[in-house]
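See structure below.
The values are calculated or read from the model by the stated rules, or taken from the named source; none is laboratory data. Predicted model, so just to flag it, every value in this text is computed and none were measured. Positions of Cβ are generated from backbone atoms using ideal geometry, with glycine treated the same way; all protein chains shown enter the neighbour counts. Accessible surface areas use protein heavy atoms only, side chains included; no ligands, DNA or RNA. Shrake-Rupley method; radii C 1.70, N 1.55, O 1.52, S 1.80 Å.
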Amino acid sequence: MKILILGAGYAGLRAALDLDRLLRGRSDVSITLLDQFPYHQLVQLLHLTASAGLHSREAIYDLKRLLRDRAIRVVQGRASRIDAAERHVALADSDPVPYDKLIIALGAETAYHSIPGAREHTLPLRTYPDALRLRDHLIDQFIAAGKTTDPTERRILLTTAIVGAGYTGGQFAGELAAWADDLSEQASVPRGEARIALVERADGIFQEFGEWASRAALNRLDQLGVSVYLNTGVTAVEPRRLRVSDGRILRAATIVWAAGIQGPALLADSGLPVAKSGRVKVDRYLRVEGQAAIFALGDCAMIPDPANGPDATVPTTASYAMRQGSHIAESVAAEIAGEAPRAYEPLRLGELVSIGPDYALGSPLGVPVTGYPALLLKKGVEQYYRATIEA
């Protein structure tokens, strides 16, 4: 029995670790974990890497080192096609990898929503390389601002526009506001000239927690000096220019795109059933519709959440992805043992987001929490996660 897991993110790594534990000693079963990178990324911490709030390599784990004592084969490669009929995954630069059961946990890609120029002229923040590139770019802009004698050029160099005020954009805005103190000092530019604009097409931010969270977050961002533009859509992006829905133009040397995600193109290109978002459709067992041997979970999967309505889907967050990884491991192990799998039921434990280095908010177990206590809870959750994968 060959089990192949595509993606070593929160869902894929958890599935691999739990399958190794559940199937240990089974010589007739092999587990292969394939990812385009040789490391596991802590995506929830990439906003810290991008703003120098975290030593860069603290956001990644070398997979072979992490799994050295596990019966898990690690393969680095980029999947180019899933062949359900032949039961193998083609790779861009090497031989296909066969499977008997396939678990797709590829995460998601940045969604540009067909906005002209968005892909070409913005910096995404979805991967570890993205975070490093954004951090280095910002340092370069501040250094250049310290050298120029043109006040207009300096203003542009010191302006950062962040499109999308979800978890990624909102958290990055808060960290950048704190980091700008050090950047300004190091580049010998006035801190007051560094501008951060957070552009959001909705009428609030972090509204999944409730209206209270939006108000608290907006107040905190205002204290940090971040200008938030709500009900503002982006119509086009040009080099160092952001055109928005009311006709205004925002000139910024750094434009960060954090305006949503979509499923990897690989899924549709492989003929799997996908929604408009590009995420693959699965049933309540996390099995891809019409495919007996293929499962999908995490951000790349459109997972039904009937408890919240007939069209509701499970949120695409790390906490859900991890629990889906555990669930699919139990289901696959049960099938191998000849037992019936159990349907996936979302467990709502709540989420936490940070806004700067000393403030967070969220609703763990449905209880609203703000400020430093929320930040301590968030850091505790992060340390607990590290402990679970390092054990």
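Summary of computed values
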{"item": "Given (1) farther than 30 Å from N219 by Cβ; (2) outside any helix (DSSP H, G or I); (3) among the β-branched types (V, I, T), number of the condition I328 does not satisfy", "result": "(2)"}
{"item": "Residues within the stretch 344-381 that are under 24 Å from A301 (Cβ atoms) and part of a helix (DSSP H, G or I), tallied", "result": "1"}
{"item": "Selected residue (criterion: most open to solvent (accessible area, probe 1.4 Å)) from residues of the stretch 55-69 that are part of a helix (DSSP H, G or I) and in contact with a His (Cβ under 7 Å, 6 or more places away or on another chain)", "result": "L66"}
{"item": "Unmet criterion (only one of (1) in contact with a Pro (Cβ under 9 Å, 6 or more places away or on another chain); (2) open to solvent by 20 Å² or more (accessible area, probe 1.4 Å); (3) among the aliphatic types (A, V, I, L, M)) for A52", "result": "(1)"}
{"item": "Residue in the stretch 137-154 that is in a strand (DSSP E or B) and open to solvent by less than 20 Å² (accessible area, probe 1.4 Å) present", "result": "no"}
{"item": "Residue within the stretch 319-338 that is farther than 22 Å from K2 by Cα, surrounded by fewer than 21 Cβ atoms within 10 Å (Cβ to Cβ) and among the β-branched types (V, I, T) present", "result": "no"}
{"item": "Some residue of the stretch 269-278 being among the charged types (D, E, K, R), touching a strand residue (DSSP E or B) at 6+ places or on another chain (Cβ under 8 Å) and surrounded by fewer than 21 Cβ atoms within 10 Å (Cβ to Cβ)", "result": "yes"}
{"item": "Any hit, the stretch 70-78, residues being open to solvent by 50 Å² or more (accessible area, probe 1.4 Å) and touching a residue at least 60 places away in the same chain (Cβ under 8 Å)", "result": "no"}
{"item": "Residue within the stretch 341-354 that is over 20 Å from L42 (Cα atoms), in contact with a strand residue (DSSP E or B) (Cβ under 8 Å, 6 or more places away or on another chain) and in contact (Cβ under 8 Å) with a residue 24 or more places away in the chain present", "result": "no"}
{"item": "In the stretch 79-90, the residues that are in a strand (DSSP E or B) and touching a residue at least 24 places away in the same chain (Cβ under 8 Å)", "result": "A79, S80, R81, I82, D83, V89"}
{"item": "Matching residues, the stretch 79-118, being open to solvent by less than 30 Å² (accessible area, probe 1.4 Å), touching a Cys at 6+ places or on another chain (Cβ under 9 Å) and either on the phi < 0 side of the Ramachandran plot or of a type in the set (D, E, K, R) (or both)", "result": "I104, A105, A108"}
{"item": "Members of the stretch 324-340 that are in contact with a helix residue (DSSP H, G or I) (Cβ under 8 Å, 6 or more places away or on another chain) and hydroxyl-bearing (S, T, Y)", "result": "S326"}
{"item": "The one condition in (1) surrounded by fewer than 18 Cβ atoms within 10 Å (Cβ to Cβ); (2) in a strand (DSSP E or B); (3) not charged (D, E, K, R) that G25 fails to fulfil", "result": "(2)"}
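Residues checked against (1) modelled with pLDDT of 95 or more; (2) within 18 Å of H47 (Cβ to Cβ); (3) touching a Ser or Thr at 6+ places or on another chain (Cβ under 8 Å):
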{"position": "A165", "(1), (2), (3)": "yes, yes, no"}
{"position": "D181", "(1), (2), (3)": "yes, yes, no"}
{"position": "Q186", "(1), (2), (3)": "yes, no, no"}
{"position": "V189", "(1), (2), (3)": "yes, no, no"}
{"position": "V199", "(1), (2), (3)": "yes, yes, yes"}
{"position": "A202", "(1), (2), (3)": "yes, no, no"}
{"position": "W212", "(1), (2), (3)": "yes, no, no"}
{"position": "V228", "(1), (2), (3)": "yes, yes, no"}
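The rows are residues; the columns are (1) more than 23 Å from the chain's Cα centre (by Cα); (2) open to solvent by 10 Å² or more (accessible area, probe 1.4 Å); (3) more than 26 Å from G117 (Cβ to Cβ); (4) basic (K, R).
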position: L158; (1), (2), (3), (4): yes, no, no, no
position: Y167; (1), (2), (3), (4): no, yes, no, no
position: D182; (1), (2), (3), (4): yes, yes, yes, no
position: G192; (1), (2), (3), (4): yes, yes, yes, no
position: G210; (1), (2), (3), (4): no, yes, yes, no
position: T235; (1), (2), (3), (4): yes, yes, no, no
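Residue by residue, here is whether (1) farther than 16 Å from I3 by Cβ; (2) out of contact with any Gly (no Cβ under 7 Å at 6 or more places or on another chain); (3) of a type outside the set (G, A, S) holds:
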| site | (1), (2), (3) |
| --- | --- |
| P38 | yes, yes, yes |
| L48 | yes, yes, yes |
| L54 | yes, yes, yes |
| A59 | yes, yes, no |
| L63 | yes, yes, yes |
| L66 | yes, yes, yes |
| I72 | no, yes, yes |
| R78 | yes, yes, yes |
| D95 | yes, yes, yes |
